[in-house]
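The values are calculated or read from the model by the stated rules, or taken from the named source; none is laboratory data. As the structure is a prediction and not an experimental result, all values here were calculated from the model. Here the Cβ positions follow ideal geometry from the backbone for every residue, glycine too, while neighbour counts run over all protein chains shown. For accessibility, only protein heavy atoms count, side chains too; no ligands or nucleic acids. Shrake-Rupley method; radii C 1.70, N 1.55, O 1.52, S 1.80 Å.
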Amino acid sequence: MLKMLTHIGKYFLMLKEVFNKPLKWSAMRTLIFKEIDDLIIGSLGIVAFISFFVGGVVAIQTALNLTNPLIPKYLIGFATRQSVILEFAPTFISIIMAGKMGSFITSSIGTMRVTEQIDALEVMGVNSLNYLVFPKIIALLLYPFVIGISMFLGILGGWMAGVYGGFTSSDEFIMGLQTEFIPFHIAYAFIKTMIFAIILATIPSYHGYYMKGGALEVGKASTVSFVWSSVAIILANYILTQLLLSK
């Protein structure tokens with residue numbers, strides 16, 4: 001317990017240090033664009049693939065469970081919309097990104113620690129935390145854009161699976177999408193996404209920056225960062241759902 005509290009305290013002290021002694025904008029801009037390319041653009045392919053097919057699976061499973069002829073077919077569209085917007089796109093994709101982005105961040109910073117590049121930055125008078133972590137936080141402010149694409153493709157996949165699989169008509173599916181639509185659910189999903197983005201940028205950075213040892217420990221740090229990022233996302237998801245959706 002004491003060790004965990006030490007890590008939590010160290011994590012928040014790291015966040016404070018990230019915003020101290022900022023790098024010149026000309027150098028920071030280059031780093032930010034590199035992180036956007038690595039973390040955001042580099043994740044679009046896997047996010048698009050997973051979202052499209054999971055949306056289709058949600059629609060098919062919903063359709064196969066509507067065995068009673070009295071239950072309207074538009075519920076397929078309704079269930080797909082609710083599943084994708086409320087949980088699948090923001091939370092499920094974020095846990096996958098904790099594996100993809102998180103491992104990349106931890107291993108890249110951890111390798112710099114092992115090869116003493118971070119020590120070299122400190123010797124040159126550069127705030128290494130600002131140099132390494134701040135661009136990742138700024139880049140991940142675009143993370144809601146990734147989740148917006150995930151929502152769209154998840155619903156599109158559901159529509160294609162439902163209509164072309166012969167489970168429902170296009171009009172019924174779209175009617176389900178529009179039934180009892182609450183615009184705040186979109187806002188709720190994007191609020192969650194912003195919190196998850198900060199978790200994805202900072203927890204893996206913490207585990208990479210403060211790791212000790214050699215190449216083997218870089219791999220272990222990547223695994224630990226994925227576990228703790230996932231735990232933080234699940235806990236944040238529960239707390240935000242309780243705060244924002246419970247009446």
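Treating only the Cβ atoms of Lys and Arg (+1) and Asp and Glu (-1) as charged, compute the dipole magnitude of the chain about its Cα centre; round to the nearest 20 debye.
For the chain, the charge dipole is close to 480 debye.
The figure for D38 is an accessible area of roughly 50 square angstrom, using a 1.4 Å probe on the protein chains alone. Here the Karplus curve 6.51 cos²θ - 1.76 cosθ + 1.60, taken at θ = phi - 60°, turns the phi angles of the range 92-107 into couplings of 5, 5, 5, 5, 5, 5, 4, x, 6, 5, x, 5, 5, 5, 4, 5 Hz, with x standing for Gly and Pro.
Residues Y143, Y164 ordered from highest to lowest accessible area at a 1.4 Å probe: Y164, Y143. A dipole drawn for the chain from +1 and -1 charges on Cβ atoms has a positive end, and of A120, T91, Y143 the residue lying farthest that way is A120. Ordered from largest to smallest accessible area (heavy atoms of protein chains, 1.4 Å probe), the residues K34, K73 come out as K34, K73. Rounded to the nearest 20, the size of the Cβ-charge dipole of the range 17-154 about its Cα centre is 360 debye, with Lys and Arg at +1 and Asp and Glu at -1.
Helical runs assigned H by DSSP (4 residues or longer) give the chain a calculated mean residue ellipticity at 222 nm of -24500 deg cm²/dmol, each run adding -39500 (n - 2.57) before division by the residue total. Computed from Cα positions, the angle between helix 2-18 and the longest principal axis of the chain comes to roughly 80 degrees. Using a probe of 1.4 Å on the protein chains alone, the accessible area found for E116 is around 120 Å².
When F190, F181, F145 are compared by accessible surface with a 1.4 Å probe, the order from highest to lowest is F145, F181, F190. With θ taken as phi - 60° and the Karplus curve 6.51 cos²θ - 1.76 cosθ + 1.60 applied, the whole-hertz 3J(HN,Hα) list for the range 42-55 is x, 9, 4, x, 5, 5, 4, 4, 5, 4, 4, 7, 5, x Hz, x standing for glycine and proline.
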